1. Sorted by average packing, counted as other Cβ atoms within 10 angstrom per residue and highest first, what order do 101-114, 735-748, 420-433 take?
2. May I ask you to order 329-339, 791-801 by the average number of other C-beta atoms within 10 Å around their residues, highest value first?
3. When the helix-only estimate is applied to the chain (DSSP H runs of n ≥ 4, each -39,500 (n - 2.57), divided by the residue count), what is the mean residue ellipticity at 222 nm, nearest 500 deg cm²/dmol?
4. Of the accessible area of the chain, with the probe set at 1.4 angstrom, what percent is carbon plus sulfur?
5. Could you check the spin-label model distance between Val497 and Asp472? Points 7 Å from the Cα along Cα→Cβ, value in nm.
6. Summing +1 for each Lys or Arg and -1 for each Asp or Glu, what net charge is found among the other residues whose Cβ lies under 11 Å from the Cβ of Met174?
7. Distance from the Cα centre of the stretch 25-64 to that of the stretch 248-276, in angstrom?
8. Can you tell me the FRET efficiency between Asn664 and Ser454 if r is taken as the Cβ-Cβ distance and R0 is 41 Å, rounded to the nearest 0.05?
Amino acid sequence: AVTRGVAGALEQLARCDSGRAALLRSGVPACVRLLEDESDEVKLHALSVLEDVASDDQGKRKLLEAKAASVLVSLAKESGTVTVRRRSNDILCKLSNLQSEASALIAAGAVLPLVNILRDSSECEQASAIAALRRLTCGSETSGGQQAAVDAGCVGLLVQLLGPGTWPAQSDAMHVLHNLVSCDCTRSSVASDVGAIAACVGVLRASSDAEVRALAAATLACVAEAGSRAQIVAAGGIDALSPLLSSENGACRQQASRALNSAADDVSSHSALASSLPALVTLAGSASDEARASAMGTVHKLCGGDDGAARGALASSGAAVSLLLLELSGGAAEQASAMASLHSLSASKEALATVVGSGGAQVLVGVLSGGLPEPSVRRRAAAVVSRLSAPPHSEAVASAGGAEALVGALSLGERAVTRGVAGALEQLARCDSGRAALLRSGVPACVRLLEDESDEVKLHALSVLEDVASDDQGKRKLLEAKAASVLVSLAKESGTVTVRRRSNDILCKLSNLQSEASALIAAGAVLPLVNILRDSSECEQASAIAALRRLTCGSETSGGQQAAVDAGCVGLLVQLLGPGTWPAQSDAMHVLHNLVSCDCTRSSVASDVGAIAACVGVLRASSDAEVRALAAATLACVAEAGSRAQIVAAGGIDALSPLLSSENGACRQQASRALNSAADDVSSHSALASSLPALVTLAGSASDEARASAMGTVHKLCGGDDGAARGALASSGAAVSLLLLELSGGAAEQASAMASLHSLSASKEALATVVGSGGAQVLVGVLSGGLPEPSVRRRAAAVVSRLSAPPHSEAVASAGGAEALVGALSLGERAVTRGVA
C-alpha cells in the first residue's frame, strides 16, 4: 500500500521542478525498480515519473545509468497491459533521442518493441516509433541497430507503411529503409524484397517532398548496387527516377543519377533509359554538378549496350556525341571511357554522320595522332577513324589529316588495327585530300602493308596503291618506296588470284612511266606480266600486253626483251595472234616486233615458225594498217635474220605483196623491205613474179621510202634463175624501162641496172622488150658516152652485142651501135672482144 501511495505521489512530484530535480539527484534508480512491481498501477505511476525525468538529456542519461532500458524493453515486449507497453515504448522513443547512447538502447533490445509498434498501433505511435528507429539504425554497422530491425521484420512493415497514400512520418520511414539498405549486413534484406523496391518507386511517383524522393532514389541506388537491377527495371524504377535528373534539388539529381548509373549495368534498363538521354547528357555536361560522374557513366553504359532504342537515341544525338568528344580532352580515364563509347557507337552509320556533324573527325584524328595516349585509346581511335573514312565522310576525314594519322597508327602493330587502317586508307585514297596526303608521306607504309600475312590487308593496300599510281607522280612514289619488287613477288607467288591480278594491274600502270622502265625490269616485272598471257581474261591480257610493249621497247641493255623471251613470251604471243580478232592485237604485234628488233632476242623470233605464221596470218586477216605494217616489219627482221625460206613456206610472199599497193606508207615500206630481204632466197622468186607490176610501180616512185627496197627486189629477180620471174621481167616493158632509167642514175644505180639488163638479155623476149622500150639508144649511149665503171661498160658491150643480132640489127646500127662497139674494143677483154666481133 505504501509503495502504491509513494508511486502515485512521485508521479505528482515529478511534474514540478523541485520534485523532478530531487528525483534526478537520487531517485531515478528507485523509480526504475518500481517498474518491476507486480502491480500495473505502480508500474504506470513509475512510467509517468520516468517520462517526466526523460524530458531532457540529463534525465535520459540518468535513466540509462539506472539500467532502465532493459526493464522498459521487457515491459514493452511482455506486459499484458496495453498502456504499460505503450508508455514503455514512449520512453524508449524518448531515450532514442540521446544519439550518443543509442548503442546501449540497441543492446538492451529496444529495436524489437519499436518495430512491433508498426504492426497495429496508432498513426501517432507509429510515427514516434519510426522516428526512434531512424535514430537507432543510422549508426555504424557494429551498433547492431540495422540487423535488429531487419530481424524484427521491419522491412516488410516499412513496405506496408510506405504504400499508396500519404503518411506524416514518410520521411522517417524512408530514412529507416535507407539506413537498412546502406548497411552491409542488412542491404540484401532490402535489395531482395521486391516490395521494398516497389515502395521506393511508389514514393518517387507520389511524393512531393524533395528530401523523401532523394532518399527513395538513394535507396534504389543501393538496391541496384546490391544486384537487384532487373527488379528495379521491372518495377518501373527507371521511369520513376528519370524526372529527378532535371530536379532543382541537388540531392535528387545526384541520387537519381547514381541509381540510374548502377541500374544501367543491366541491359534491360537501356530501352527505358533511352528517353532520359537528353537529361543525362545535360547533367553529364555540367562541370560543377556532383551528379555529373554518374550521369556520364550511364551514357557510357548505354553506348556499350546493344539496345536498339538506346543506341538509336545516342546515334542521332549531337549533344551526346559532342559530350563524348569533349571527354576526349580530359584525363586518361575520361579519354578511355569516351573512346570506348565512341568506338561502340561507330558501328552505326547514323552515329558516324552525327560524329562528323559534331566536328568529330578533327577531334578523333587529333587523338590518334597527337601526344601519347594509352594504347587502348589509340587502338579504338584508329578503329573509329577507320570507320569514319568510308563514304560519305572520306573527304572530311582526309581534310582533317586522317590519312597521316592512320598511317601513324600502323605503328601499333596490332592485326585488328592494321586491317581497319588498311581498309580506311583504301577509302581515303579515292578522294583528293587523302591521296595527296598519302603521296606526301604514306606510300612507304602502304607498300609495307603488302607484306602483311593477311590477304585482306594486302588487297586494301593494293587498292590504295592503284589509286596512288593514277599519275606519274604517284608512280614515282611507288618506285621510290621499292614497291616494284614486292608487287612482283605477290604477282608471282601469292596463293590468291585476286592479289596476283591486282599486283599485275599496278605493274601495268607503273610501266607507263617509261623513264623508270629499267627499274621495273630489274625488279622482275616482265615474268608475271608474261604469265598473265597464259590463262587470264582478255582484258587482263590486253593490259599485260600493253605493259610488255613498253618494257620491251627500250635499249637492249635494259633487259626487257631478254626477260620476255626467257619467260616464254614468243610462244604465248603466237597463240594470241592466232586466228580471230583481238583488241590488243596492235600491242601484241608491237611486242613481237620489239623482240625481233633486238639483237639478243631476234633469233628467238626468227627461229619460231609459229611466230612467222602468226605474222602472215595477221597480214591476211587484219584491216588495221598499223598492225599490218608491224607484221611486215617483223617479217623483214626475220628475213634479215636468215629465215627467208620459212617465210616463203608460210606463204609470206603472197601475204606481203598486197601491201606494196597500200595507201599506207609504212605498209609499203615494210612490205617492200621484207620482200627485198626474202628475195635473197631464190625460192621466193616464183611467188614474187606475180608482184612484179607493184614492185616496178613502187620502184619507179622517186619520192617513196619503199623505192630502194622495191628496186632491190627487181634486181634480185633479174639475177635469179626462176623461169616465171624471168619470163615476167622479160615481157615487162615497165620493168625494162625502169632498168633503163636507172642507167641515168649514179654509179651504184648504173651498176645494178646494167647487171640486171645483162642477166635479162640472155632471153630473146627480153631483147625485144628492150628494143621496144627504146633501150638500144640508151645502151649505146652508156657504152659510148663518158667513162662509166669498166664493169658497166663490159656488161653494156655484152648487151649491145646481143641486141645486134637480127631482128634488132638495124635498130642498134641506127642508134650508133657500130661505133660504140668499136670503141668498146679498147676495153681489151677477150670476152668483150668476142662479143663485139
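The values are calculated or read from the model by the stated rules, or taken from the named source; none is laboratory data. Because the structure is predicted, anything quoted here is derived from the model rather than measured. All Cβ positions, glycine included, derive from the backbone under ideal geometry; neighbour counts span all protein chains shown. Ligands, DNA and RNA are stripped out before the accessible areas are found, and what is left, the full protein with its side chains, is counted by its heavy atoms. Shrake-Rupley method; radii C 1.70, N 1.55, O 1.52, S 1.80 Å.
1. Ranked from most to least packed, the peptides come out as 420-433, 101-114, 735-748.
2. Ranking the peptides 329-339, 791-801 by packing returns 791-801, 329-339.
3. On the way: 61 runs with 598 residues, N = 837.
Value at 222 nm, helices only: -21000 deg cm²/dmol.
4. Ligands and nucleic acids excluded, carbon and sulfur give 50 percent.
5. It works out to 3.7 nm between the two label points.
6. In short, -1.
7. Their Cα centres are 51 Å away from one another.
8. The calculated FRET efficiency here is 0.15.
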